[in-house]
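Structure in structure tokens, see below.
Any read-out appearing in this document is the output of simple, stated calculations on the displayed coordinates, not a laboratory observation. None of the values given here were measured: they were computed from a predicted structure. Glycine gets a Cβ as well: all are built from the backbone with ideal geometry, and neighbour counts include every protein chain shown.
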Amino acid sequence: METSTIGNLEILLKNLNKIHTTPMGVDRIKRNLHLSDIDVVDYCKKLISSPECNIFRQGKNWYCEIDSTIITVNAKSYTIITAHRK
């Protein structure tokens with residue numbers, strides 16, 4: 001059963017401190033978003049916590065869309081799977 005967008009927003013933002021990624025995820029996100037030497041997890045957390053971010057859950061993942069960026073977060077583990085430009 002899916003929860004509402006508002007519910008997803010609250011759940012994800014309450015657990016923002018749990019969001020992380022793997023070393024391979026860091027490389028993938030940097031490559032996909034054309035980022036240099038920055039903390040990609042902090043970068044993604046800032047985007048996710050922005051009031052302009054549209055967060056919705058589909059299946060086992062949250063999708064966070066802001067500007068031209070989509071961040072995919074596993075809903076159970078809070079792992080950033082990938083991020084890419086539309």
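List the residues whose amide H sits under 5 Å from the amide H of ALA75, counting only those 5 or more places along or on another chain, with H placed 1.01 Å from N in the peptide plane.
ASN61, TRP62
With the chain treated as a Gaussian network of Cα nodes joined by springs under 10 Å, which of ASN54, ASN15, ASN74 yields the largest mean-square fluctuation?
Top of the fluctuation ranking is ASN15.
Could you check how many percent of all C-alpha pairs in the chain are farther apart than 20 Å?
24 percent
Can you compute 3J(HN,Hα) from phi for each residue in the range 56-70, using the Karplus curve 6.51 cos²θ - 1.76 cosθ + 1.60 with θ = phi - 60°, rounded to whole Hz and x for Gly and Pro?
Once rounded to whole Hz, the list reads 9, 10, 9, x, 8, 10, 9, 10, 10, 10, 8, 6, 10, 10, 10.
Explain nothing, just compute: Karplus ³J(HN,Hα) = 6.51 cos²θ - 1.76 cosθ + 1.60, θ = phi - 60°, for every residue of the range 76-81 in order, whole Hz, x for Gly and Pro.
8, 9, 6, 8, 6, 7
Another question about this same structure. Using the alpha-carbon atoms, what tilt in degrees (0 to 90, nearest 10) does helix 23-33 show relative to the longest principal axis of the chain?
90 degrees
Which part of the range 26-66 falls in the paramagnetic zone of ASN74, meaning amide N under 16 Å from the point 7 Å along Cα-to-beta-carbon?
From the range 26-66, the list is 26-29, 58-63.
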